[in-house]
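Colleague: So that we are looking at the same thing, I have put the structure below in structure tokens.
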Amino acid sequence: MLQKPRGTRDFLPDEMEARRMIEWSMREVARCWGYREVCTPEFEDLELFTMRSGEGIIEEMYVFSDKGGRKLALRPEITASVIRMYINEAKVAPKPLRWCYFADCFRYERPQKGRYRQFWQFGVELIGADTARADAEVIMLAADMLDSSGVTYDLKVGHLSFMKNLLRDLEPQEQRKVMAHLDKKDFDGLKGTLESLDKPDLDKSLIALVECRDLAEAFDIAGTIPEKDRIYQTLETLDAADVKYSLNFGIARGLDYYTGMVFEGFAQNLGAENQILGGGAYRLAHLFGGDDVASCGFAIGFDRVMVSLGEIPDKKDSVVAVVCTNEGRKLALEVARIFRKAGIQSEMDLMDRGLGAQLAHASKSADFAVVIGLREAESGTVTLKNLHSGEQKTLDPRSAVAEVASHGARR
Ligand code: HAM
């Protein structure tokens, strides 16, 4: 028997319904904040992703050549694509641009619970606003979106300027190496790297910074930071909006386009793969041939949110089985149409079953049976049977629709 590729999943209808419900609650939040949906290709020129991150990232991606010999990659994330699209299509649009997306990404990772090779992100990008209020807006939006899903989480906010100030004497390549250790909290690796760079003393202040949870103390550790006022303003805005967060100056972020404010969200009930959100302020446009526009955004790991939420109680609307004899079929088709037009899910037998077998099947799959035999066909009425209570009534089709609609969610 053929199986699905490693690291991918199939979703049965119940799971898809739960996913769509949460997706729509997030969409609604994005809409209320003025973020409009965009869509970019699932594959891009490989260069889009290697330009900033280097060839090393190829290891973690699905990379292939097409028949024309072009090197392509399945997108491992969507920010780079959105910024490419901004340069191609919307460079001159009035700023700021508020965009969002809900789409799948592909990473060649070792699969485990909460870590997949195909996964979905709900993300936003705020393009062209370079202020504390812009930084604060995306964090507030992230909190609203996570709240709307019902997930319980901790939000951690940091700023790269602290770390970067301590690492200012290192080359960009060396800085990235050190920050990768910090991102993974790999302090042994950090010490080794600092020794090889002839900076063994930096480890104390870096580790102190990672462990520090107080803004004034972070400034003491890291020294003079030009972004100081902006950091204070961002945090003041978050406090005024009553966003619950903690400060964390150890956030380095895995992707290396971030320039300033960074933040991450962690689900409280997940194990190793508990990061459900990541984002921050970044600059990418200038790399792709555009202006050096400041941007800010985040992506929610949608699958992890779903794992964290667990079973979602279904709030399904009533389902109707239109059950008929041969004599009743013509009216039954008409009645099913009336129910569907009224937005009520209604199904008919496709297996040439007798009335008894149709009712037996309906009792497993529906909330109401609408029975149409010879008597109903002659009088233009239906017999509406509530399959939970057994109660039944003879009604005209429109009254039957009203009766089912008034029951709302039943199953
Ligand atoms: P990221 O932190 O790499 O950031 O990914 C965002 C989220 O995607 C993670 O926090 C995690 O929840 C989820 N995620 C990542 N890898 C996997 C995986 N293998 N399986 C399941 N979920 C996963 C970004 O992608 C940035 N583009 C975010 C951003 C937008 N920054 C600015 N704008």
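The values are calculated or read from the model by the stated rules, or taken from the named source; none is laboratory data. The structure presented is a predicted model; accordingly, all values stated were derived computationally and were not measured. Every residue, glycine among them, receives a Cβ derived from its backbone with ideal geometry; neighbour counts consider all protein chains shown. Please note that ligands, DNA and RNA were not included when accessible areas were found on the heavy atoms of the full protein model with its side chains. Shrake-Rupley method; radii C 1.70, N 1.55, O 1.52, S 1.80 Å.
Colleague: Give me the percent relative contact order of the stretch 39-129, please, defined on Cα pairs under 8 angstrom at least 6 residues apart. Write out the running numbers ahead of the final one.
Modeller: Values: 130 pairs, mean separation 25.1, N = 91.
After rounding, I find 28 percent.
Colleague: For the chain, what is the accessible area per residue in Å² when the probe is 1.4 Å?
Modeller: On the way: 20850 Å² over 411 residues.
Heavy-atom SASA per residue in the chain reads 51 Å².
Colleague: Exactly which GluC sites (Glu not before Pro) in the stretch 338-409 are in a DSSP loop and have at most 11 other Cβ atoms within 10 Å?
Modeller: Qualifying residues, ordered by number: Glu391.
Colleague: As I understand it, the dipole of the chain uses +1 on the Cβ of Lys and Arg and -1 on the Cβ of Asp and Glu, about the Cα centre. Which of Ala129, Gly310, Gly260 lies farthest toward its positive end?
Modeller: Farthest towards the positive pole: Gly310.
Colleague: How many percent of the accessible area of the stretch 319-405 is carbon or sulfur, using a 1.4 Å probe? Write down the numbers at each step before the final one.
Modeller: Numbers: 2430 of 4670 Å².
Ligands and nucleic acids excluded, carbon and sulfur give 52 percent.
Colleague: Also, I was wondering about something else. For the stretch 56-198, evaluate the Debye formula with one uniform point scatterer on each Cα (no solvent term) and list log10 I(q)/I(0) at q = 0.08, 0.17 Å⁻¹, rounded to two decimals.
Modeller: Result of the Debye calculation: -0.33, -1.39.
Colleague: Can you give the net charge of the other residues whose Cβ lies under 12 Å from the Cβ of Leu72, counting K and R as +1 and D and E as -1?
Modeller: -1
Colleague: Hey, which lysines would be in cross-link range of Lys199, C-alpha to C-alpha under 28 Å, not counting anything within fewer than 8 residues on its own chain?
Modeller: Answer for Lys199, where 28 Å is the Cα cut-off: Lys164, Lys177, Lys184, Lys185, Lys191, Lys228, listed by chain and number.
Colleague: Of Leu46, Val323, Ala402, which is farthest on the positive side of the dipole of the chain, counting Cα position, with +1 on Lys and Arg Cβ, -1 on Asp and Glu Cβ, and the Cα centre as origin?
Modeller: Positive-most Cα among the choices belongs to Val323.
Colleague: With the contact rule set at Cα under 8 Å and sequence spacing of 6 or more, what percent relative contact order holds for the stretch 319-405? List each step's numbers first, then the result.
Modeller: Numbers: 140 pairs, mean separation 28.1, N = 87.
Normalised by residue count, the contact order of the stretch 319-405 is 32 percent.
Colleague: Additional query: Lys and Arg at +1, Asp and Glu at -1: add these up for the other residues within a Cβ distance under 10 Å of Gln345 and post the number. Write down the numbers at each step before the final one.
Modeller: On the way: positive: Lys316, Arg340; negative: Asp317, Glu347, Asp367.
Combined, the nearby Lys, Arg, Asp and Glu give -1.
Colleague: So if I average 1/r over every pair of distinct C-alpha atoms in the stretch 153-246 and take the inverse, what Kirkwood radius in Å does that give?
Modeller: On the way: mean 1/r = 0.0700 Å⁻¹.
Computed over Cα pairs of the stretch 153-246, the Kirkwood hydrodynamic radius comes out at 14.3 Å.
Colleague: Using the crude model of +1 on Lys and Arg Cβ and -1 on Asp and Glu Cβ, and no other charge, please compute the dipole size for the chain relative to its Cα centre, in debye to 20.
Modeller: On the way: 55 positive and 65 negative charges, 262 e Å.
Once rounded to the nearest 20, the dipole reads 1260 debye.
Colleague: May I pose another question? Could you pull out the trypsin sites (Lys or Arg not before Pro) across the stretch 315-368 that fall in loop regions by DSSP (anything but H, G, I, E, B) with no more than 14 other Cβ atoms inside 10 Å? Working shown, then result.
Modeller: On the way: sites: Lys315, Lys316, Arg329, Lys330, Arg337, Arg340, Lys341, Arg353, Lys364; in loops: Lys315, Lys316, Arg353.
Of the trypsin sites (Lys or Arg not before Pro), the ones in loops of the stretch 315-368 whose Cβ has at most 14 other Cβ atoms within 10 Å are Lys315, Lys316, Arg353.
Colleague: Moving on to the next point. Measure off 7 Å from each Cα along the Cα-to-Cβ vector at Arg133 and Glu15, then give the distance between these two points in nanometres to one decimal.
Modeller: With each label placed 7 Å out from Cα toward Cβ, I get 4.4 nm.
Colleague: Using the 2.2 N^0.38 Å rule of thumb for compact globular proteins, work out how the chain stacks up: its C-alpha Rg over that value, please. Numbers along the way, then the final one.
Modeller: Numbers: Rg = 27.8 Å, N = 411, 2.2 N^0.38 = 21.7 Å.
Cα Rg divided by the expected 2.2 N^0.38 Å: 1.28.
Colleague: Note the full-extension length gain between Lys67 and Glu47 as 0.36 nm times their separation in residues minus their Cα-Cα distance, in nm to one decimal. Numbers along the way, then the final one.
Modeller: On the way: separation 20, 0.36 × 20 = 7.20 nm, distance 1.75 nm.
Once the chain is fully extended between Lys67 and Glu47, it gains 5.5 nm.
Colleague: How large a share of the accessible area of the stretch 196-250, in percent, is made up of carbon and sulfur atoms when the probe is 1.4 Å and the other protein chains stay in place? Don't skip to the answer; put the middle values down first.
Modeller: On the way: 1510 of 3100 Å².
Heavy-atom surface of the stretch 196-250 belonging to carbon and sulfur, 1.4 Å probe: 49 percent.
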